[in-house]
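The structure appears right after this line, and notes come after that.
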Amino acid sequence: GFDANSQAARNLQVQIDLDTAALKQLKEEAKQSASVVGTVFQEAGKKIAEAGDKIKEVGDKIKNVGTTLTQKVTVPIATAFGGSIKAAIDWESAFTGVMKTVDETANTTYDDLKKSINEIAETTASSQNTIAATMEIAGQLGVSADDISEFTRVMVMLGDTTNLSSEEAASAIAKFANVTKMPLSDVEKLGSVIVDLGNNYATTEADIMSMATRLSGAGAQIGLSQGEILGFATA
């Protein structure tokens, strides 16, 4: 049997007490450790949350910058780029019209005509495309490459300063010159006369040229000069 008062029993009780004390200390340490670990995790959680807020804030700023770049930089650049492409296409199309109606000569190449169109655009209120369209009409009506740059320049100036468009002026004056056998070297003088008549009489340049074109055939047959035909048309 087991004697509760024996030395072995007393030794066992001492060991139990020691183990109980050790277990109690271990529980306390575990409790403290859990508290420390909990605090660590709480702090880490707070830092992670703060980092998340900062990441979101940076993300929002990046998003705003991206939106701003898209609206104020990317879209305008794309629009401008698209506009420049369209302008280039329109110009090439306009000059192709010139090439269809005007033949190069030994003295005047297509590069010369392009240069002339650019120079006229720099000194008048008309665009390259409008000038090219005027030159195309002149070519249709028989104005040669050697004369067409000066002829076009005068027509564009009439378009800028009268109620005639440059295309209308080119069509009417080319027909008038053909019928009356007027040398194209006189086209600037003719333009000046038309403007002067429009400024000093109760009619317009467009009406004068319309009537002059209709009268040119009959006037030329009876020997009237270009000036006389224009005067009669104005009257």
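The values are calculated or read from the model by the stated rules, or taken from the named source; none is laboratory data. All figures in this text were calculated on a predicted structure; none of them were measured in a lab. Please note: Cβ atoms are built from the backbone with ideal geometry, for glycine as well, and neighbour counts cover all protein chains shown. Ligands, DNA and RNA are excluded from the accessible area calculation, which covers all protein heavy atoms including side chains. Shrake-Rupley method; radii C 1.70, N 1.55, O 1.52, S 1.80 Å.
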**Fill in**
Those helices (runs of 4 or more DSSP H) completely within region 120-207 that have 2 or more residues that are open to solvent by less than 10 Å² (accessible area, probe 1.4 Å) and in contact with a Pro (Cβ under 6 Å, 6 or more places away or on another chain) are none
**Prompt:** Which condition number in (1) part of a helix (DSSP H, G or I); (2) surrounded by 17 or more Cβ atoms within 10 Å (Cβ to Cβ) is the one that Phe232 fails?
**Reply:** (2)
**Request:** For region 93-104, name all the residues that are surrounded by 13 or more Cβ atoms within 10 Å (Cβ to Cβ) and either of a type in the set (A, V, I, L, M, F, W, C) or out of contact with any Gly (no Cβ under 7 Å at 6 or more places or on another chain) (or both).
**Result:** Ala94, Phe95, Gly97, Val98, Met99, Val102, Glu104
